[in-house]
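The values are calculated or read from the model by the stated rules, or taken from the named source; none is laboratory data. Not measured: the values here are computed from a predicted model. For neighbour counting, all protein chains shown are included, and Cβ atoms are generated from backbone atoms with ideal geometry for every residue, glycine included. Areas reflect the complete protein model, heavy atoms only, side chains present, ligands, DNA and RNA absent. Shrake-Rupley method; radii C 1.70, N 1.55, O 1.52, S 1.80 Å.
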Amino acid sequence: MALALDHASAGDRKGAARHLDLFFSRTHERLHESRPDLLRDSGFVGFLIFHLLRGHVDEVLDYMERSQDLELAHPVVDLELFKVRHVASAVRQYRECPIAWKSEKRLLVSVLVWGEEFSDIWLKYGLSSLLSEENKRLWDSRETVFQFVSTPETLNYLRRQPMFAKLEALYRISLIDITPVLTAGISHTNYIAMLIAQWVPMCIGATENADCISLGADSFFSKAAFSYIAQRLEEDKTDVFYTLDYPISASAVPEIESWRGSDGVLDIPEHELGQFFLENMSSRVEPYCIDPADSTMPSDPSRVYSRLQHGVLMRSLQPQLIYVCSNMLKNLWVPRLSATDNGFADAALAVLGDFERMEMLVQPDLFGCSVIEGAEEDRIASGQIPSRVPVKETIANDLLNLIRGAGLLSPARVWSFRQPMLVLGDGEVTSAGTLLIDQLAAQLPDQGRYGPPDMMAEHGGQAFERFRRSGDVPK
């Protein structure tokens, strides 16, 4: 694959095509023969993902069956193969009992929730906000199925709850059983399960021509957030939407009840959700704050905040996917199945060609998404939330060096960082901190290097079809 990339980045289409043909055929040969040198090639995972994202899950699982006796070269490869295997198995599970779609306008709303504790959180806040009359505009604008990436026990528990009955009376319900992942005994089980759960609906949506939304159990929304997405879809303006969420302290959760109606539904105006965030910020915000008067700065530059007298400015190098149209999924490729805030936007950009049909939802009066942050102090103490480090030169220069060192200088990440979210109460709209972050955003280089997703979007589909026509598929 490296040679194909060299040719593609130099504009040599014939050379890129020739080496991609070799990439597909030779990887197939080594898998077919169970050759031990296979796993020293990082392209092996990318080969499987190309099949996976185009719906060839039986071939993926066959290839993996052939390679299971090989000694893995690196724990990272082992983990990537684990993710690919379980996504493919989940898609095969779906095909055993597929959704009987009746409309051409389809939406798969994937809800990632398991266990009674998170089920209760999602029912009380997430689901209750999704069922506001204005948010239902999106669900009612197309054939919507709520697909739970969960366990049978969790779905049975949900079905005994009154709020879930409201959902099931309006929309169809589907289950992808993620029990095999949760019981596999791997490290960081919940996080890996979340990554797998994010990719399952997209693999299904790509072949079922269904748009996809992926929702976590700890998120809830303003009353017209999804009505805004419905409007943009009706205008045919956008294929992919990304969010910046409001991290809210779990201790403030009881105050959310003031927006609950007699029917149990949460009806939170967009502006009021922003104000609620300002008054109840999670402890996660502070480690990412930028203040020119401070001698320390965040050790993780992927998201930064700067406080105002009655507000906060947020910028992020990790645009979090929330909605993707099915037409965009058909040519998507990623080298690994990472979280959808970690590289997905650049893969989407490679498919779309420019930023025109990508949108960051950073207007607080149009879209509000909050995340309930529990066990905040424990997360800080365990290192899940970054520490602060001393400033060596200037904050702007040091942050730029950190961004470069972390490999975060990609076109879509820079595009995201240059779209701030300004959540304001009364008072000033700028501060020394916001001006410093604005300066940093302007300093980030515009051009990123031509990468594997760009090459695959441009040349991979044709090379893959040639490979498929050659008959080099598992026998």
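Here are the numbers for the structure shown:
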read-out	value
Coarse-grained scattering of segment 97-204 at q = 0.10, 0.12, 0.22 Å⁻¹, given as base-10 log I(q)/I(0) from a Debye sum over alpha-carbon atoms	-0.29, -0.42, -1.33
Helix-only CD estimate at 222 nm, as mean residue ellipticity for the chain, using -39500 (n - 2.57) per DSSP H run (n ≥ 4)	-12500 deg cm²/dmol
Rounded to the nearest 20 debye, dipole of the chain from Cβ charges on Lys, Arg, Asp, Glu	1360
Whole-Hz couplings from phi, Karplus 6.51/-1.76/1.60, listed for segment 89-105; x for Gly and Pro	5, 5, 5, 4, 4, 4, 5, 6, 8, x, 6, 8, 5, 10, 10, 7, 8
Trypsin sites (Lys or Arg not before Pro) within segment 149-237, DSSP loop, no more than 16 other Cβ atoms inside 10 Å	Arg160, Lys237
Convex hull volume of segment 205-300 per residue (C-alpha atoms, cubic angstrom)	181
Percentage relative contact order, segment 284-372, counting C-alpha pairs under 8 Å, at least six apart	17
The chain: antiparallel DSSP beta bridges as a percent of all, rounded to 5	45
Accessible area of the chain belonging to carbon and sulfur atoms, whole % at 1.4 Å probe	48
Principal axes of segment 236-361: Cα extent on each, largest first, Å	50, 44, 25
For the chain, alpha-carbon Rg and Dmax in angstrom	22.7, 69
Given the chain, longest segment not containing exposed loop GluC sites (Glu not before Pro) (DSSP; at most 13 other Cβ within 10 Å)	236-355
Over the chain, relative contact order from alpha-carbon pairs under 8 Å, at least 6 apart, %	19
Calculated log₁₀ intensity ratio I(q)/I(0) where the Debye formula runs over C-alpha points of segment 180-219, q = 0.18, 0.22 Å⁻¹	-0.58, -0.76
In the chain, lysine pairs closer than 16 Å at Cα, eight or more apart or cross-chain	6
Listed residues Phe276, Gly126, Ser67: farthest to the positive end of the dipole of the chain (Cβ charges)	Ser67
Percent RCO, i.e. relative contact order, over segment 217-298, from Cα pairs under 8 Å lying at least 6 residues apart	33
Per residue value of the accessible surface for the chain (all protein chains in place, 1.4 Å probe), Å²	42
Dipole of the chain, positive end: most advanced residue of Ala345, Val304, Met421 [Cβ charges, Cα centre]	Ala345
Protection proxy ranking, peptides 121-131, 306-316, average beta carbon neighbours within 10 Å, highest first	121-131, 306-316
